[in-house]
1. Enter the Cα centre distance for the pair the stretch 120-154 and the stretch 1-65, rounded to the nearest angstrom.
2. For the stretch 1-128, what % of the accessible area comes from carbon and sulfur atoms, probe 1.4 Å?
3. Could you compute how much accessible surface E38 exposes when probed at 1.4 Å, giving the result in Å² to the nearest 10?
4. Which order, highest average first, do 100-113, 59-72 follow once you tally other Cβ atoms within 10 Å for each residue and take the mean per peptide?
5. Sorted by average packing, counted as other Cβ atoms within 10 angstrom per residue and highest first, what order do 130-141, 151-162 take?
6. Return the inverse of the average 1/r over all pairs of distinct C-alpha atoms in the stretch 41-173, which is the Kirkwood hydrodynamic radius, in Å to one decimal.
7. Counting Lys and Arg as +1 and Asp and Glu as -1, each charge on the Cβ, what is the dipole of the chain about the Cα centre in debye, to the nearest 20?
8. To one decimal place, what Kirkwood hydrodynamic radius in Å is obtained for the stretch 31-106 from all pairs of distinct Cα atoms?
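The values are calculated or read from the model by the stated rules, or taken from the named source; none is laboratory data. Fair warning: this is a prediction, and the values are worked out from it, not measured in the lab. A quick note on method: Cβ atoms are made from the backbone with ideal geometry, for glycine too, and the neighbour counts reach across all protein chains shown. For accessibility, only protein heavy atoms count, side chains too; no ligands or nucleic acids. Shrake-Rupley method; radii C 1.70, N 1.55, O 1.52, S 1.80 Å.
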Amino acid sequence: MLDWFSPAQCLGYLAFVLGVACFLQTDDRRFKLFMTGECIAYVLHFALLGNPTAMASSLLSTLRSVLSLRTRSIWVAIVVVSANVGFGLAIARQATDWLPVAASCLGTIALFTLQGIPMRLVMLCGTGLWIANNLIAGSIGGTALEVVVAAVNLATIARMARAGRRAGQRLAE
């Protein structure tokens, strides 16, 4: 039975708040700043839940979010993805342990090589992997976070697409 108000779950709720705020952002820099906070809360959350691969992936996600604020270097992305895969090889004990690793790799590729709507679409794929991981790990706040993040991300993508269409129409006039 899960303790809804354990320290682990409370950190999951904090990650929830920061994650929703993250995906409400249309500015990529603010998006990455909020994502950094969400990842830090996730590191602590998964450490307390005893999920080492999710913790390691969240730790690398924190690092990649900070690095992506400073650079868009493909080489930095390759190093972060390689570190994620290396941690996965060292820590993963079952197939489901690869879910957060794959999610973090997708997030790295998105943050370093994409922007705007394409970045958010790849992040959405990673969100699906985090949902599966969090259900398996028993993460209440994390599961709620990722389900809401998926919905908020889809709404933000739609908002950005509408704004892009309006801008295109104004240019055509």
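1. Cα centres, the stretch 120-154 to the stretch 1-65: 11 Å.
2. It is 74 percent, rounded to a whole number.
3. That residue has around 10 Å² of solvent-accessible surface.
4. 100-113, 59-72
5. Final packing ranking: 130-141, 151-162.
6. 15.6
7. Charge dipole of the chain: 660 debye, to the nearest 20.
8. 12.3
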